[in-house]
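The values are calculated or read from the model by the stated rules, or taken from the named source; none is laboratory data. What you see is a predicted model; the values in this text were computed from it and never measured. Every residue, glycine among them, receives a Cβ derived from its backbone with ideal geometry; neighbour counts consider all protein chains shown.
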Amino acid sequence: MAGGFRRSQRAAAQLWRFCVFWFAAAPAERNRGRDTELLNRGDGMARILVVEDELKIQQIVRAYLEKEGFEVVTAADGLKALEAAKASRPDLIVLDLMLPGLPGEEVLSRLRQTSDVPVIILSAKSSEDERIFGLNIGADDYLIKPFSPRELVARVLAHLRRSKPAGASRETRLSFNGGRLAILPDQHQVLREEQAVNLTPTEFKMLLLLAQAPGRVFSRAQLLEQAQGYSFEGYDRTVDSHIKNLRQKIEPNPNEPLFIQTVFGVGYKFGGSRDAIGDS
């Protein structure tokens, strides 16, 4: 009974912190013209799926996102989240992990079987191992509760800005090592031995950044800044998790990387050999 009371106290304290954010931290005014293009999805404004079982938190997140001009779809449990993702085809998902029914980790794993939609985990699970696990199973970003709604909106904007980059590359196909690896920037697609590889948006952006400058060494901070638009404390482990996942997906032997090579004490570089046009 005492344990239940303590949990109620923690929940009340967390809700109070969210209310403080809600009333005190009004979203900063933005250059609306600058954001119009990235919010436009052709059939309307960018659509965000918010998966959160705590109603007050869900309402706060929804209000902040809608004030920025997003269309918001919500779900309060894991199964409904999968149904909503299939029906609404969101441009980005904000996902809680501690959900009734199907946990958020399982929701993410199932999503990644068919979709590369950007996913930001929003969770009270705050240990380093829990954050790394979330990234390893396919999340693009991880924000710990209690959180600033303004920071969440900034991260959403950063991911959307980078998920559909205008003119990211003038080339329609980058081929390496006799076609063993190919990147199609316009299609947001990667081929390993001509077989499609399912990458998360963050993984794709990191790979493209490295591949467009073979031999150049990028620090972890540079990779995260280019891929997500910001860096944060503890970013080293975050980048390493994305690189580990990338190697598992594109390397012939992940234990002896051919394409993404570690430069100890500095960061990573791309070690593939660019094919001549017409050789791939």
Requested in this report: Would you point out the residue of segment 84-96, among those that are surrounded by 23 or more Cβ atoms within 10 Å (Cβ to Cβ) and of a type in the set (A, V, I, L, M), that is nearest to Val61 (Cα to Cα)?
Outcome: Val94
Query raised in the report: Counting just the residues of segment 259-270 that are under 25 Å from the mean Cα position of the chain (by Cα) and assigned to a loop (DSSP other than H, G, I, E, B), which one comes out surrounded by the most Cβ atoms within 10 Å (Cβ to Cβ)?
Result: Phe259
**Report entry** Residues located in segment 236-265, provided they are in contact with a Leu (Cβ under 6 Å, 6 or more places away or on another chain) and among the basic types (Lys, Arg)
**Finding:** none
Report summary line: Contact list, first residue from segment 123-135 and assigned to a strand (DSSP E or B), second anywhere and basic (Lys, Arg), beta-carbon distance below 8 Å, six or more apart or interchain, is Ser123/Lys145
Requested in this report: Could you please let me know if Thr114 is part of a helix (DSSP H, G or I), within 24 Å of Lys86 (Cα to Cα) and not basic (Lys, Arg)?
Outcome: no
Report summary line: Picking from Ile243, Ile260, the residue that is at pLDDT 90 or above, within 29 Å of Ile144 (Cα to Cα) and of a type in the set (A, V, I, L, M) would be Ile243
Query - Selection count, segment 97-116, where residues are surrounded by fewer than 19 Cβ atoms within 10 Å (Cβ to Cβ) and of a type outside the set (Asp, Glu) - result: 11
